[in-house]
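Undergrad: Got a structure here, written out as structure tokens. Questions coming.
The values are calculated or read from the model by the stated rules, or taken from the named source; none is laboratory data. Since this is a predicted model, take the numbers as computed values, not measurements. Reconstructed Cβ throughout: ideal geometry from the backbone, glycine too, with neighbour counts over all protein chains shown. Each accessible area value is taken on the protein alone, full model and side chains, heavy atoms only, with ligands, DNA and RNA left out. Shrake-Rupley method; radii C 1.70, N 1.55, O 1.52, S 1.80 Å.
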Amino acid sequence: MNPASLALPELTEAVFALGFVLLLLAPLALAGLALTNTGLGRSRSAAQALLGSLIVAAVAAIVFFVVGAAFTGSAGGASHIFHLAGKPWNWLGAAPWLLGGLSGAPPYGQLAFLFEFLAVAMAAMIPWGSGADRLRLAAGCAIAALLSAVFFPLLAHWVWAGGWLAQLGVNFSLGAGFLDPGGAATVHLLGGFSALVVVWTTGSRKGKFPKEGFSTAMPGHNAVYVLFGCLLALVGWLAWNAAGALLWLHAPLSALPVVVVNTLLSAAGALAATFAVTRIRFGKPDASLCANGWLAGLVASSACAAVVEPLPALFIGIIAGLLTPLLVEVLELAVSIDDPSGAISVHAVGGLWGLFAVGLFAPRPGQLLAQLVGIAALLGLILPLLYLLFWLLNRVVAFRADPDGERIGMDLHELGGGAYPEFVLHRDDSYR
Amino acid sequence: MNPASLALPELTEAVFALGFVLLLLAPLALAGLALTNTGLGRSRSAAQALLGSLIVAAVAAIVFFVVGAAFTGSAGGASHIFHLAGKPWNWLGAAPWLLGGLSGAPPYGQLAFLFEFLAVAMAAMIPWGSGADRLRLAAGCAIAALLSAVFFPLLAHWVWAGGWLAQLGVNFSLGAGFLDPGGAATVHLLGGFSALVVVWTTGSRKGKFPKEGFSTAMPGHNAVYVLFGCLLALVGWLAWNAAGALLWLHAPLSALPVVVVNTLLSAAGALAATFAVTRIRFGKPDASLCANGWLAGLVASSACAAVVEPLPALFIGIIAGLLTPLLVEVLELAVSIDDPSGAISVHAVGGLWGLFAVGLFAPRPGQLLAQLVGIAALLGLILPLLYLLFWLLNRVVAFRADPDGERIGMDLHELGGGAYPEFVLHRDDSYR
Amino acid sequence: MNPASLALPELTEAVFALGFVLLLLAPLALAGLALTNTGLGRSRSAAQALLGSLIVAAVAAIVFFVVGAAFTGSAGGASHIFHLAGKPWNWLGAAPWLLGGLSGAPPYGQLAFLFEFLAVAMAAMIPWGSGADRLRLAAGCAIAALLSAVFFPLLAHWVWAGGWLAQLGVNFSLGAGFLDPGGAATVHLLGGFSALVVVWTTGSRKGKFPKEGFSTAMPGHNAVYVLFGCLLALVGWLAWNAAGALLWLHAPLSALPVVVVNTLLSAAGALAATFAVTRIRFGKPDASLCANGWLAGLVASSACAAVVEPLPALFIGIIAGLLTPLLVEVLELAVSIDDPSGAISVHAVGGLWGLFAVGLFAPRPGQLLAQLVGIAALLGLILPLLYLLFWLLNRVVAFRADPDGERIGMDLHELGGGAYPEFVLHRDDSYR
């Protein structure tokens, strides 16, 4: 498939209509992820978890509308460029505020902004899931605002809107530039890194890592939500990756069915791999880890589905599915990271692997280097900046609920009522 | 954006295909609303609530097919017209029975009937939600049949099929005529008014308003259903409003992304406003009210998303989100209205506000008056007629379950079994 | 509507885009069915039921990619043909392995493979639902692999890819050949027959048919999942049937709205009929049977929605809705079949009725005979072969969990943890 060229191909009515409707299907990925994350948390925080996903997405959308979209800019549009070592470095967009002139914008630009609305909402949901059961709603909103105003616009401009990562090919002959048509970097690495920083900053749930002995298993409270969310997420993801191929790679219509097959095979391969590996490792497959594996396959597909063939896509999924349970275990047991939704393994590691795999399997010379430059920029620039700004933010809006609030559950503490007022729940003694 | 003109623009294959597929996405709004309403009711009525949503939608669809579609008619098609004060008053459609000739109908007409199938099903679900925990299934079906045979065809003809409200512009120079591209009047005001009449006619749940003291809080039994339903509803609504813009305003493709952005911003703004106002008012944000606020933002967007710019859309959503918790409280505490799903505040008030806002923000002179005429027709003609016919219907098919049935729960009473037979539920003493 | 002719009509960009996006909506039918089936099982097996749906679909997709797609082939593509009685019998496809050349394939072929991915995943989910609460995950995977490698490719080739059933019209003047645009045979009869064989082979749940007295009612553990799944399934089904009409009948765009109306009316009619008949039979409508009726209406529509008019579609749905509760009762009480999801009645009987109805209502002479030949081939060839191969498979991968595993529930037994660890569940004494 062809990478984005600078001259946009003509966008016919049919392709515009297709891109538009794919972007209306894609939010099912958000709905699915929100449900999965809610199921992976505790029953006493379920309403807060899901309301949080809604409000976090709402804040991200509003802030993106007000300031983020202007900084994101669009390919071929106005942008901030500095020159260094004889090369232009296009680092920030300069579009009109408040999406001014959207209805008169060129078709690609209109659809690009729609895509970015969804992308920033999903990026904001990811750290929210990792902070389950102790992150305050106000902190979730503040994090979403920061991601939507600063981090996502930077990354989206670099990768999708003609920024320096997109132009690594033109300026430094590195393949087709950094390729990330489905948002593995802009959405999932950003979200996954944010999740990591949130967990660092917020700390683990009380009782998760007792002073003595092993860490406490805190299984998700509803496996049906977890797994059904995965199914819905697949539906959204199929459309999401197809839309990405259309918008950022200008893939022809005839290339899209392969994108869908690749996405499906990546998820299927990942699930099968996690299923097998957890069965071998623990004697029985683990439902939560399988859900995480499935999602990691989808995340990896966001990088690669539009640029590889079906067999590599299946392979990439399988590797993602092998990495996920391993990473979850390492993070929990070796590094004492308490990530209820597994977002770090799913989104950060799945995304890193997918972006790297694009370099491995892409036919173009220099592509692997382009991918590594992009990954290095995320690790070297974005991650430290996230740490710094979240650390500052935590001084202003305390991330963590007070211990008493955590003990009674975030629902009662933050919303004044539980999610399941008529159901009898087991008394939970992990906090006493 | 341009309002509907009488000469239909050419409908290309791509636009027809887009309209078609948008209408297949739109039922997610019905699925989401049904789930939200179920979650807002009691656990002992959950199966009846959701089965009711299904059967009510089924009855609405069948009755619309058999008689409603003929009375609805289509723009430019045969209709009943009388003359008064020198003006034509087009008040009822006269299409073939049983959708005769649908496959040979002009493309706009085909899609219009699909839209109306969804619209009438949603209108019928709204009062069903307000009657939760006491309204009988047979009554729900009868109400759905009445709405589908009489009320919806009248309104849909007036607003969408070249009826007198649509022609207020042509005949009385009132802007572009009454504008309601997403069904704020035909679906949500109709449904919301029906909900009001159902609650009047049926009375409040036993124990809701004790003879002494305050009203009893009866929180929804599953906040996850409530909030996840909101997310799904958003997905459906984005498509729904885009389809409305396409079908009833003949908006060009390039106008549709703004419609989607507006819908999203209206919901996001409404959620943020309800979140903030309930936090200020009660100390903590309220999950159910936030869900209601989100939905009210969507309802308001049904009127305005296709006719305003993004910034007004955000503002309209914020106002809807401020009004909703206020109205819920006023209705419950001041007027002793027991509306478990909050349908009156969400659909009636959200719809009224959205229709009014179209007049405020539309650039065309006379538009505000056109909107006020439409609102007046709904308040002055439809609401009294609803009251009269529902009152009569209640004589034939008693709306309310007998007290014993209500006490044991509608599931056991009407279906012979509960929705959650394996879960231990709290004993509910509100009825003893 | 026109049946498939051998010369493919030109596929415009708009129609390709539409077919593509319909196929991305269709998986909602899988998500809905998986949720419904989970709700119809026991709480102690809910995670295994839903994880099983995911893994079974994943295995089906991978195996279809690796071998199934090659055997399925495509209309006009290479295939295995033998000659008998002077006629060609096209019985197996011969496409490249691993979907080789998919991105260069003609547009119809690309979409056809996407359709088949979804179809085989759904076919594999159906017997999984019937084995609820005792079928092992490994057995589910093995069954899915067998269906995807052998049975589905055979049937799909016969019906959709120019095989002998499709050519009954050309070779034997039987109408337009065997018509099954939505997969009533290839998906639902195959799945329903597999469900029957699985239940035969696996046996009924312990305690279901006590040695003395009547069979034990084992109601589904969550009616909300059951009924909400039905709503989601409808959304997917509307797109699925439209895609089938487009791909297998080459229906023009203007014929698609009728397909959607027919699907909706068939489901609505079936629900209304089951509602009425269970109310008459048992005094109260039954929620689970109503869900089954609704789904049977959808299954019947898969055969007929693209080839009949709306009034017959409504009638066909009503008959499906009358048959379903009858069949469920007969199978359970007279034949002692324990089918928790009702898949045999829904998919096998609904599919048989729909295929037969196509013959009844189609205007073309010989069509009824063509349908009967197809049904006979399924009953005479596929069903015995299924029985044989599943019987053999059961020797290799034992279908049934050991009695102890069944007693503690499939979640604990196969996954090591329950789906609802924080909820208090009723002690179930049906096994003691």
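Undergrad: Applying the selection to segment A:363-401, what residues are without any contact (Cβ under 8 Å) to a residue 24 or more places away in the chain and open to solvent by 60 Å² or more (accessible area, probe 1.4 Å)?
TA: Across segment A:363-401, the qualifying residues are A:363, A:372, A:379, A:381, A:384, A:388, A:392, A:395.
Undergrad: Right, here's the next one. Would segment A:202-218 turn up any residue that is facing chain C (nearest Cβ under 10 Å) and surrounded by fewer than 24 Cβ atoms within 10 Å (Cβ to Cβ)?
TA: Among the residues of segment A:202-218, at least one is facing chain C (nearest Cβ under 10 Å) and surrounded by fewer than 24 Cβ atoms within 10 Å (Cβ to Cβ), which makes the answer yes.
Undergrad: Something else: Name, by its number, the condition in (1) of a type in the set (S, T, N, Q); (2) open to solvent by less than 10 Å² (accessible area, probe 1.4 Å); (3) more than 8 Å from chain B (Cβ to nearest Cβ) that does not hold for residue C:222.
TA: (3)
Every residue, every condition in (1) under 19 Å from the mean Cα position of the chain (by Cα); (2) free of Cβ contacts under 8 Å to residues at least 12 places away in the same chain; (3) open to solvent by 10 Å² or more (accessible area, probe 1.4 Å), yes or no:
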| site | (1), (2), (3) |
| --- | --- |
| C:107 | no, no, yes |
| C:137 | no, no, no |
| C:147 | yes, no, no |
| C:150 | yes, no, yes |
| C:158 | yes, no, yes |
| C:165 | yes, no, no |
| C:174 | no, no, yes |
| C:184 | yes, no, no |
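Undergrad: Separate question: Please find, among B:312, B:325, B:257, the residue that is over 20 Å from residue A:59 (Cβ atoms) and of a type outside the set (Phe, Trp, Tyr).
TA: Matching residue, one of B:312, B:325, B:257: B:257.
Undergrad: Going by the conditions given, is residue A:409 open to solvent by less than 30 Å² (accessible area, probe 1.4 Å), at positive phi and of a type outside the set (Ser, Thr, Tyr)?
TA: So residue A:409 passes the test.
Undergrad: Looking at C:81, C:55, C:62, which one is over 28 Å from residue A:233 (Cβ atoms) and β-branched (Val, Ile, Thr)?
TA: Exactly one of C:81, C:55, C:62 is over 28 Å from residue A:233 (Cβ atoms) and β-branched (Val, Ile, Thr), namely C:81.
Undergrad: Would you call residue C:239 farther than 27 Å from residue C:176 by Cα and in contact with a helix residue (DSSP H, G or I) (Cβ under 7 Å, 6 or more places away or on another chain)?
TA: Taking the combined requirement at face value, the residue does not satisfy it.
Undergrad: Only one of (1) away from chain B (no Cβ under 14 Å); (2) within 27 Å of residue C:287 (Cβ to Cβ) is not met by residue C:149, so which one is it?
TA: (2)
Undergrad: Read through the list (1) aliphatic (A, V, I, L, M); (2) modelled with pLDDT of 95 or more; (3) closer than 24 Å to residue A:156 by Cβ, then give the number of the only condition that residue A:396 fails.
TA: So the condition that residue A:396 fails would be (3).
Undergrad: Mind checking which residues of segment B:42-67 are open to solvent by 10 Å² or more (accessible area, probe 1.4 Å) and assigned to a helix (DSSP H, G or I)?
TA: Answer for segment B:42-67, where residues must be open to solvent by 10 Å² or more (accessible area, probe 1.4 Å) and assigned to a helix (DSSP H, G or I): B:44, B:49, B:57, B:59, B:62, B:63, B:66, B:67.
Undergrad: So how many residues does segment B:71-105 have that are out of contact with any strand residue (DSSP E or B) (no Cβ under 6 Å at 6 or more places or on another chain) and free of Cβ contacts under 8 Å to residues at least 40 places away in the same chain?
TA: The qualifying residues number 16.
Undergrad: One residue is enough: does segment B:8-16 have a residue meeting the conditions facing chain C (nearest Cβ under 8 Å), more than 19 Å from the chain's Cα centre (by Cα) and open to solvent by 30 Å² or more (accessible area, probe 1.4 Å)?
TA: Checked against the condition, which is being facing chain C (nearest Cβ under 8 Å), more than 19 Å from the chain's Cα centre (by Cα) and open to solvent by 30 Å² or more (accessible area, probe 1.4 Å), segment B:8-16 yields at least one hit.
Undergrad: From the list A:306, A:287, exactly one residue is modelled with pLDDT of 95 or more and open to solvent by 10 Å² or more (accessible area, probe 1.4 Å). Which is it?
TA: Answer to the selection: A:287.
Undergrad: Tally time: how many residues in segment C:318-337 are touching a Gly at 6+ places or on another chain (Cβ under 8 Å) and either under 16 Å from residue C:200 (Cβ atoms) or small (Gly, Ala, Ser) (or both)?
TA: Number satisfying all stated conditions: 2.
Undergrad: Filter segment B:258-278 down to the residues that are farther than 24 Å from residue B:245 by Cα and either at pLDDT below 95 or more than 9 Å from every other protein chain (Cβ to nearest Cβ) (or both) and list them by number.
TA: Within segment B:258-278, B:273, B:274, B:276, B:277, B:278 meet the criteria.
Undergrad: Evaluate the following for residue A:232: is it of a type in the set (A, V, I, L, M), within 14 Å of chain C (Cβ to nearest Cβ) and under 23 Å from residue A:29 (Cβ atoms)?
TA: Spelling it out, residue A:232 is indeed of a type in the set (A, V, I, L, M), within 14 Å of chain C (Cβ to nearest Cβ) and under 23 Å from residue A:29 (Cβ atoms).
Undergrad: For residue A:71, are the conditions met, namely being of a type in the set (Phe, Trp, Tyr), at the interface with another protein chain (Cβ under 8 Å from one of its Cβ atoms) and within 21 Å of the chain's Cα centre (by Cα)?
TA: Taking the combined requirement at face value, the residue does not satisfy it.
Undergrad: Suppose the filter is farther than 23 Å from residue B:152 by Cα and surrounded by 24 or more Cβ atoms within 10 Å (Cβ to Cβ); does residue B:404 pass it?
TA: So residue B:404 does not fit the description; no.
Undergrad: Going through segment B:309-354 one residue at a time, which ones are aliphatic (A, V, I, L, M), within 29 Å of residue B:255 (Cα to Cα), open to solvent by less than 40 Å² (accessible area, probe 1.4 Å) and touching a residue at least 60 places away in the same chain (Cβ under 8 Å)?
TA: Matches in segment B:309-354: B:346, B:348, B:349.
Undergrad: I'm trying to understand the selection: among the residues of segment C:79-105, which are under 14 Å from residue C:157 (Cα atoms) and either within 27 Å of the chain's Cα centre (by Cα) or open to solvent by less than 30 Å² (accessible area, probe 1.4 Å) (or both)?
TA: Matches in segment C:79-105: C:79, C:80, C:89, C:90, C:91, C:92, C:93, C:94, C:95.
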